[in-house]
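A short write-up of the structure that comes next.
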Amino acid sequence: MKRNCLDSVLLYATAILTCALLVFPIYWLVVTALSEPDQLRQLPPKFWPDQPRWGVFAQILAERPILQWLGNSALAAIGAVTLSMTVSVLAGYSLSRFKVRGGQSLGLFILTAKMLPATLLVIPLFGIFRQLELIGSLWSIILAHATLIIPFTTWMLKGYFDTIPRELEQAAMVDGCSPLGAMVRVILPVSAPGLAATALYGFVLSWSDYAYARTFLTNAQTNWTANLGITTMKGEYVSNWSDISAASILVALPILLIYLFLERYLVGGLTAGSDK
């Protein structure tokens, strides 16, 4: 009995310590945003400012085009996810249902493409977009983000479609559906949780990108994404880390809200297919 009680105490203590370590960077970001710039250099550091600057967020919104940056990031992410999911659904379904020569190798190739760093693709993509006159346009970001998202979402959806019984499609085709009609009318509605979870992961990948935005949107300030815009707040000699932290919170807030509202899809979406 004592051993079980000790194990429970250790388990809860480990869980609390882990959560504290994970949450502390977010807490310190809030403290930095609410502190006066000169207080950030004090030793020992203060874990809460004496007079929090609650008006810093309204000040940042007034001084910087944060809302425009957020809108550009949202447009780029939505466009990239729409394009990626259209391709990934067809590719993942084909890899799952059709046994063709080299299919396994193709799947491994897609997985390998996911492992390539974004910096490896920047130069060839820049050359392609320059020829197409897309440099400075959000379309360059949408297409570039799709190169990151499609391998990831295709592999995830292929694994999800594998969990769905083939009898569902066979029954639909007996009733007169074509293979494509069976996928659209039967498989996709059943796959809604997995599709939502995969799209959400793809959205996060696009939202958090900096390398492509820094390369393709340098001279197009009206099309800057949020991550790129925040980097311009850093001064050449002096940086106001309080304002930068406040802007970072505003940029991170939408994705945190999405996670809170769609957490159930993230937890159960990729395993729900086994219960269908």
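The values are calculated or read from the model by the stated rules, or taken from the named source; none is laboratory data. Keep in mind that what you see is a predicted model, and the values were worked out from it rather than measured. We place every Cβ from the backbone using ideal geometry, glycine too, and count neighbours over all the protein chains shown. Areas reflect the complete protein model, heavy atoms only, side chains present, ligands, DNA and RNA absent. Shrake-Rupley method; radii C 1.70, N 1.55, O 1.52, S 1.80 Å.
Here are the numbers:
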| item | result |
| --- | --- |
| Single residue of the range 220-244 satisfying the filter (of a type in the set (G, A, S) and part of a loop (DSSP other than H, G, I, E, B)) that is nearest to the chain's Cα centre (by Cα) | A220 |
| Tally, over the range 153-180, of residues that are touching a helix residue (DSSP H, G or I) at 6+ places or on another chain (Cβ under 7 Å), part of a helix (DSSP H, G or I) and among the β-branched types (V, I, T) | 2 |
| Matching entry among L61, L75 (being open to solvent by 30 Å² or more (accessible area, probe 1.4 Å), modelled with pLDDT of 85 or more, closer than 17 Å to F203 by Cβ and in contact with a Leu (Cβ under 9 Å, 6 or more places away or on another chain)) | L75 |
| Residues satisfying the stated conditions in the range 166-206, i.e. of a type in the set (A, V, I, L, M), open to solvent by 30 Å² or more (accessible area, probe 1.4 Å) and more than 30 Å from T225 (Cα to Cα) | L168, A171, M173, V174, L180, V184, V186, L188, V190 |
| Residue within the range 252-271 that is surrounded by 19 or more Cβ atoms within 10 Å (Cβ to Cβ), part of a helix (DSSP H, G or I), at pLDDT 85 or above and under 18 Å from the mean Cα position of the chain (by Cα) present | no |
| Residue list for the range 1-44, restricted to those being at pLDDT below 85, aliphatic (A, V, I, L, M) and open to solvent by 100 Å² or more (accessible area, probe 1.4 Å) | M1, L11, L43 |
| Scan of the range 209-226 for residues that are open to solvent by 40 Å² or more (accessible area, probe 1.4 Å) and farther than 15 Å from I142 by Cβ, ordered by number | Y210, R214, T218, N219, Q221, T222 |
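Yes or no, residue by residue, for (1) under 23 Å from V251 (Cβ atoms); (2) within 31 Å of the chain's Cα centre (by Cα):
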residue: C19; (1), (2): no, yes
residue: V23; (1), (2): yes, yes
residue: D38; (1), (2): no, no
residue: Q42; (1), (2): no, no
residue: G55; (1), (2): yes, yes
